[in-house]
Amino acid sequence: MSLKQTISDEVKTTMRAKDSARLSTLRFLQAAIKQREVDEQKELVDAEITAILEKQIKQRRESIAAYEQAGRTETAAQERDEITVLQEFLPKAASPEEVTAAIAAAIEQAKADGAQGPAVMGKAMASLKQSLAGRAEMSQVSQQVKQALNV
C-alpha cells in the first residue's frame, strides 16, 4: 500500500475515533500533498511524500523553538504532538552505526568518482539524501560529514 493511501486510511480511522487534534494534523498533511500534486500536475510517489513529511516536521521544530522563546509552552506542546503524528509515517529511523557507515561509503564513493575539495561534501550529501531520506535528520548528517572530512 502506498504512503498516500496509508495516510488516507489513517484519516478515516481518526475521524471514527473523533480525535480532532490528530485529524487536524493529518488533514494538513493531506492538503500539503494535494497542493504539491496540483502544482506539479502528477501523482506523488512515496519518496516525494516522505520529503513533504520531513519538511512539515522541520517547520514544526522551528516553530517550537520560536514558541518556547516567546514563552508559549502550550502551543509548543501542540507542535510536538503534531511531530509525533507525522513521524509515524516516516520509515524506521537509521541507527547511528548505519548513519556512520552510510557516510563513510558516500565519502568513499564521491572520492572514487573523482571529486576533490568541497565537491566531495556535495556529492556525499546528494547520495546520503537518497539513501537516508526520512530515516535520519539531514542537518545532523551534514555535520557528521563535515567532521569526517575535517571541513
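Please treat every number below as a calculation from the coordinates, not as lab data. In this text, all values refer to a predicted model and were calculated from it rather than measured experimentally. Don't worry about glycine lacking a Cβ; one is built from the backbone with ideal geometry, like all the others, and counts go over all protein chains shown.
Which value does Rg/Rh take for segment 29-70 over its C-alpha atoms, Rh per Kirkwood? Intermediate values should be presented prior to the final figure.
Working: Rg = 12.9 Å, Rh = 11.3 Å.
In segment 29-70, Rg relative to Rh is 1.14.
Calculated FRET efficiency, residue 21 and residue 66, Cβ-Cβ r, R0 22 Å, to nearest 0.05?
0.65
Give the lysines whose C-alpha is closer than 19 Å to that of residue 92, dropping any in the same chain fewer than 8 places away, or say none.
Straight-distance partners of residue 92: 4, 55, 58, 129.
Once percent of Cα pairs over 18 Å apart is worked out from the coordinates, which option in (1) 59; (2) 65; (3) 72 does it equal?
So the structure-derived entry is (2).
Please give the contour-minus-distance gain from residue 73 to residue 115: 0.36 nm per residue of separation, less the Cα-Cα distance, rounded to one decimal in nm.
Answer, rounded to one decimal: 10.5 nm.
Within segment 128-151, which residues have the backbone N less than 14 Å from the label spot 7 Å out from residue 87 along Cα→beta-carbon, could you tell me?
Counting backbone N atoms under 14 Å from the label point, the list is 134-138.
Using DSSP to call loops (not H, G, I, E or B), can you name the GluC sites (Glu not before Pro) in segment 21-124 whose Cβ has at most 15 other Cβ atoms within 10 angstrom?
Here the GluC sites (Glu not before Pro) that fit, given the DSSP loop and packing criteria, are 43, 88.
Once fully extended, how much extra length lies between residue 129 and residue 105, figured as 0.36 nm per residue of separation less the alpha-carbon to alpha-carbon distance?
7.3 nm is the gain from fully extending residue 129 to residue 105.
State the answer as a single residue: which of 71, 127, 139 lies farthest towards the positive end of the charge dipole of the chain, with beta carbon charges of +1 for Lys and Arg and -1 for Asp and Glu, about the Cα centre.
71
Would you mind giving the three semi-axes, in whole Å and largest first, of the ellipsoid equivalent to segment 3-87 according to its Cα gyration tensor? It would help to have the intermediate numbers written out before the result.
On the way: eigenvalues 117, 58, 17 Å².
In descending order the semi-axes read 24, 17, 9 Å.
Is it possible to state the helix-based mean residue ellipticity at 222 nm for the chain, with each DSSP H run of 4+ residues giving -39500 (n - 2.57), the sum divided by total residues, to the nearest 500 deg cm²/dmol? What is it?
Values: 7 runs with 118 residues, N = 151.
Computed mean residue ellipticity for the chain: -26000 deg cm²/dmol.
Cα atoms only, segment 96-149: Rg and Dmax in Å?
10.0, 28
Just need the relative contact order of the chain here, percent rounded to a whole number, with Cα pairs under 8 Å and 6+ apart.
20 percent
Top mean-square fluctuation among 11, 45, 85, Gaussian network model of the chain, C-alpha springs under 10 Å?
It is 45.
Fully extended, how many nm does the chain gain between residue 8 and residue 28 (0.36 nm per residue separation, minus their Cα-Cα distance)?
Roughly 6.0 nm would be gained on extension.
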